[in-house]
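See structure below.
Throughout, read-outs are computed from the coordinates displayed, never taken from laboratory work. Here the structure is a predicted model, which means the values were calculated and not measured. Virtual Cβ from ideal backbone geometry, glycine too; neighbours counted across all protein chains shown.
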Amino acid sequence: MKNFVITQKYFLFLLVFMNVLVKFSLASEVEAIFLKGNELYKQGDYLAAISEYEKIATLGFESWEVYYNLGNAYYKDGQLARAILNFERAKKLNPKNEDINFNLEFANLSVVDRIPQLPTLFIFSWISQVANVFNLQTLGIITLSLYLLLGTMIPLRILLKAKSFKKLGAGILIATCILLTFFSSIFIIRIYEAENKIEAIVLVDKVDVKSAPGEAGTDVFTLHLGVKVQLQDQSLNWVKIRLSDGKVGWMKQDQVEKI
Amino acid sequence: MSCIFKQKSALILLFLLLRNPVIFAQDLQVSANLNRTVVPLDQAFELNVELNGADAQNAPQPALPDIEDFAAFRGTSSSQSIQFINGQMSVSKIFTFHFVATRVGKFQIPPIRLNFKGKSFTTKAIPIEIVKGAAAPKPGNPSSRRSANEPLDLSEQLFLKAAVNKNRIYQNEAVIITYKIYTAVNITNYGISQLPNTVGFWSEEFPTSNRPKITDEVINGRQYRVAEIKKVALYPQSAGVKTLDPLVVDCEVQLPRQRRRRDIFDSFFDDPFFSRSVRRTIRSDAISIEVMPLPEEGKPSDFSGAVGNYSLQASVDKHAVKTNEAITLKVKLAGRGNIKILPNPKVDIPADFEVYDPEIKESIQRKGGQISGSKTFEYVLIPRFPGKQVIKPISFSYFDPVKRNYQRIRTSPITIDVLKGDKPILSAPVGTSKEDVQFIGKDIRFIQLYLPEFEKIGTAFYKRIYFFVLLFCPVVTLALALAYNKHAEKLSSNVAYARSRRANQMALKRLKTANKKMREGKPGEFYSEVSKALMGFIGDKINVPAAGLITEQVDALLRKRGIEDQIVSRFLDCLNTCDFKRFAPTDSDNGEMKTFFNKAKKALIDLDRVI
């Protein structure tokens, strides 16, 4: 009986250890793949570099650098849509990176369709500017830490009744409250956006967007590769898309890929 | 000497410099002249208005002089010549007005006025004399002098007929009018002096040679030679009854010389040399044509006025093409009808093609008594994107006047395979201005070389359990803190609550002491401690001073609280035992004490449960 317990304990330990080991070796493998991809890119073998970078995602890892390099490789290989797709993915993880924004903008120059942005109220554009300084994860960490700070400070204030502490704590408490309100509202907006504003890139050279799902729908407008659309709805293998200028139509699901 | 010369040339230069702008601005001279000043009656003369100078080419046509009482207007023509001499441009433009003299006498052509650029120019008046008969005698034709004196009725022998192929036509349908001269005499020369006014018609003339083909025809027993002098197809532009003025032709007719003596040479010499010439003006009848409007019934929506009989073809020069390479789409409309006014058929070209305006070619055949031909539209298309492109069928509607209904013709769709060109589209960003590209740079930025921190791809962290646990943590701590705070407050403010909270603690403490006394073998103190524990517990719980409590009081207090009799009696039993053992010290062994201790403890626990 006792023996069995010991074996169980060892087994558990082994399991944890192996898990750590696997994770560690995987991470080093991913690093090797990344460096190999970089090497191939430098040699100009963009197709091989693409397949290396793509491996990282299949292993279950991501980082903005991978998406950025992948976008570069696709661009150099002449696959504009996939280049834009990966730049957009990189931007999602690192919204304010100058390199990403430069390359994305540059790649977008080759996109044929110019879709005018609907004008937004300055306050909304300002909020979105601020909201996009951090990526979602950083924003989450900031919000959560502020929340936890507040969550420890208030019970502490309740429990410790020393007057000096109360005086000192009030300022910090109010500051934390304000910051928390600010960050949490941005965080909620961003989560709402992430959950509801699903964007995708058109991957095919040319697509006639229909008025209804199915081939029977009449052509409403034509899109070309590289255009960013917003996915709104789905019906079988058709998706409803919305352009930034408000045009709405349906196209086949396999003609776009989510960012 | 040379000094003076220099001065002179400088002056000339100055003069030229000053003058030049004036020359270019308003340099126009207007003059008028007649091609002949003495004109025989019924003969044509020309009035030339000549404009000279740099501005002449922009000058408008001068107003027609009012000379209707002695001449009939026949038409206008103009010619222009531009010359460059020593870098100076000289333009001369001549407007020629054609007249026919209608009255004998001496007249004057009034000054002709021309308004141009706010200035008015006037010519001198020109005298003209219109004389009777042949004022310009033709040499070698001595008899012509007499011709005017002998009016000769030739209407039976010489007339002009206008034939219409049909009298009732549809709007835009062709009516073909043929003018024929019927003659039983010799005509040496003829000229059309007045054309019918064809306002409201689109006319298409059939070519006629200067020497028309002559056929023979017999009318009313008389043999005529017939010459077709003019054939025209007219397309009426609007519905209604239309009347065409007669055509007027001047003929020179040769009549055999009337001889006093008949000799054997008469017939032999019956040839132009010995005949005399007479001028005659002949007119055709006015023609009236009824033009029917096109029926509204069954009119296709894309109908745009074409009447006739057509066919439509569309073709491309190649069916497979690379991006950015041009292909030609040829759309050909051919058939009978007014080719010139055929509208462009609507061509639906996919948006991925860059389309240039079509090049339009016409070819018109005027043969076999009808106008036919074709109109070709050549579109240059440049595909910008690879893929399969389809040019939708092109359709064209027209009215067929023979079948009296509308027809619609359409081509079959054309499929073009567009392959990706050699150059990737990326190399030339479309739709950006040069400045933009220069500003942006020529290439994307280089890849990131440093090892990044890889994150596991998975569900968003804000959907994970730990996120919610962390969210809930402060709530729990806050609740705990609040509960503790409330408890502490009650402890400090409410004695009863504090005592009650302390009761178990105190009782336990005393029982512990009792246990200790039991093990030490001091029964008196043991019972005393147990009693204290029991009494203290009651006192604390009910918040009465334990010191003054007696068993009866306890009994009453507990019963008042509605506690079960069994529990109360057991508790009281323990108390009584304590009191008895405490104040009547008898030997009691350890076993007895242990049993009692357990009993008392049980009683306490039972009471604690219900109190």
Starting at the first residue of the stretch B:308-321, write each ³J(HN,Hα) from the Karplus equation 6.51 cos²θ - 1.76 cosθ + 1.60 with θ = phi - 60°, in whole Hz, x for Gly and Pro. x, 8, 10, 10, 10, 9, 9, 8, 10, 6, 8, 9, 10, 8
What does the average come to when, for each residue of peptide A:65-77, you count the partner chain Cβ atoms lying within 10 Å of its Cβ? 3
Quick one: plug the Kirkwood hydrodynamic radius of the stretch A:153-244 (C-alpha pairs) into Stokes-Einstein at 20 °C, 1.002 mPa s, and report D in µm²/s. 122
From the gyration tensor of the Cα coordinates in the stretch B:503-569, what semi-axes in whole Å does the equivalent ellipsoid have, largest first, with each one equal to sqrt(5λ)? 24, 12, 11
Under 19 Å from the Cα of A:LYS92 - aspartates and glutamates, other chains or at least 8 residues apart: A:GLU54, A:GLU62, A:GLU65, A:GLU105, A:GLU193, A:GLU195, A:GLU199, A:GLU257, B:GLU453, B:GLU455
The long-range amide H neighbours of B:ARG445, using H built 1.01 Å from N in the peptide plane and a cut-off of under 5 Å, are A:ASN103
Only loop residues by DSSP count here, and only those with at most 13 other Cβ atoms within 10 Å; note down the trypsin sites (Lys or Arg not before Pro) in the stretch B:457-517 that meet that. B:ARG464
Could you work out the percent of alpha carbon pairs in the stretch B:319-379 separated by over 15 Å, rounded to a whole number? 57
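Using Stokes-Einstein with the Kirkwood hydrodynamic radius over Cα pairs, what translational diffusion coefficient do you get for the stretch B:209-258 at 10 °C and a viscosity of 1.306 mPa s, in µm²/s rounded to a whole number?
On the way: Rh = 14.9 Å.
Estimated diffusion coefficient is 106 µm²/s.
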